[in-house]
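Heads up, the thing below is written out as structure tokens.
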Amino acid sequence: IPTILQQILEAKSKGQKLLAVLLDPDKIVLENLDHLIDKINQSPATHIFVGGSIVQNTILEELISALKQKTNLPVVLFPGDPSQISPQADGILFLSLLSGRNPDYLIEYQVQSAPILKKTNLEVISTGYILIESGNETAVARVSKTKPLSRENLDLVLATALAGEMLGNRLIYLEAGSGAHKPVPLKMIETISQNVEIPVIVGGGIVDLHGIQNAYKAGADLVVIGTAFENNSRFFEL
Ligand code: 1GP
């Protein structure tokens, strides 16, 4: 079976675009879960990301166990901190918050997580995580106590993405933050995807088909949809 990363690389090499639905365990009502999973199974989503800035672990385990039973999509942890590791998932985006200068999110949490991950079969996918200013304060910025990079400073975002690639990250995630008023600028997606070899994930504030298509056209390999699906489980039908 190809790994999650191999599948992403293969899709990129064929020009196939990927779509992740992000489930934040804190915002999921377990009674609605079967309905949500049906909608995900009927949707074009290729991946399920699970995580949030702050999450209660009890719900996390129940959520992932239900997802594993009722979908065939890869379940990938997208954790806000080391408490959000579940051995039941398929993989984990092992994030470094490269846009920030908070050592907890650059190395401390990774050091805490590594021995836990070593005991699981999770596929660990090192991911350079770059937070871009979005017109509003998002939970990632608040919880991580870091400042997003300016939407205007393309050079700095590019330098950050290049550094992430040179450090050995396998993916770059351009993040406007959940519920961003403004998604990552298209010009920025274009510049980054043209200048790094590794796949580029884009998320935050993308709320319609047009936004998804524009991100793909600009060079995003995988688009993440969280809030829009949370607010409307028929999002993918529309
Ligand atoms: C957040 O990129 C994801 O980490 C998705 O954001 O909730 O705005 O879709 P939204």
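Within the range 88-102, not a single residue is assigned to a helix (DSSP H, G or I) and of a type outside the set (D, E, K, R).
The residues of the range 178-202 that are closer than 26 Å to residue 6 by Cα and among the small types (Gly, Ala, Ser) amount to a single one, 193. Output the residue which, of all residues in the range 147-187 that are without any contact (Cβ under 8 Å) to a residue 60 or more places away in the chain and touching a Leu at 6+ places or on another chain (Cβ under 6 Å), is surrounded by the fewest Cβ atoms within 10 Å (Cβ to Cβ). For the range 147-187, the residue satisfying everything is 156. Can you name the residue in the range 32-57 that is in contact (Cβ under 8 Å) with a residue 12 or more places away in the chain and among the charged types (D, E, K, R) and, of all such residues, is surrounded by the fewest Cβ atoms within 10 Å (Cβ to Cβ)? That would be 34.
Take the conditions (1) more than 14 Å from the ligand (Cβ to nearest atom); (2) touching a strand residue (DSSP E or B) at 6+ places or on another chain (Cβ under 8 Å); (3) over 23 Å from residue 6 (Cα atoms); residue 144 misses just one of them, which is (1). Restricting attention to the range 147-169, the residues that are assigned to a loop (DSSP other than H, G, I, E, B) and either out of contact with any strand residue (DSSP E or B) (no Cβ under 9 Å at 6 or more places or on another chain) or not polar (S, T, N, Q) (or both) total 7. Checked against (1) within 19 Å of residue 5 (Cβ to Cβ); (2) away from the ligand (no atom under 13 Å from the Cβ); (3) aliphatic (A, V, I, L, M), residue 154 passes all but condition (1). Being of a type in the set (Gly, Ala, Ser), within 23 Å of residue 207 (Cα to Cα) and modelled with pLDDT under 95 is a condition met by at least one residue of the range 53-69. Selection of the range 1-50 for residues being at pLDDT below 95 and within 14 Å of the ligand (Cβ to nearest atom) yields 24, 25, 26, 27, 28. Considering only residues that are of a type outside the set (Asp, Glu) and either part of a loop (DSSP other than H, G, I, E, B) or surrounded by 23 or more Cβ atoms within 10 Å (Cβ to Cβ) (or both), which ones fall in the range 128-143? Within the range 128-143, 128, 129, 130, 131, 132, 134, 135, 136, 138, 140 qualify. Before we move on, is residue 21 surrounded by 11 or more Cβ atoms within 10 Å (Cβ to Cβ) and of a type in the set (A, V, I, L, M)? Yes, satisfied. Residues in the range 98-141 that are within 15 Å of the ligand (Cβ to nearest atom) and of a type in the set (Val, Ile, Thr): how many? Counting residues in the range 98-141 that are within 15 Å of the ligand (Cβ to nearest atom) and of a type in the set (Val, Ile, Thr) gives 5.
Only one of the listed residues (77, 60, 67, 117) is surrounded by fewer than 21 Cβ atoms within 10 Å (Cβ to Cβ) and either in contact with a helix residue (DSSP H, G or I) (Cβ under 8 Å, 6 or more places away or on another chain) or touching a residue at least 12 places away in the same chain (Cβ under 8 Å) (or both). That residue is 117.
The values are calculated or read from the model by the stated rules, or taken from the named source; none is laboratory data. Just so we're clear, the structure is a prediction, and the values are computed from it rather than from any experiment. Counting neighbours? That spans all protein chains shown, and the Cβs are built from the backbone with ideal geometry, glycine included.
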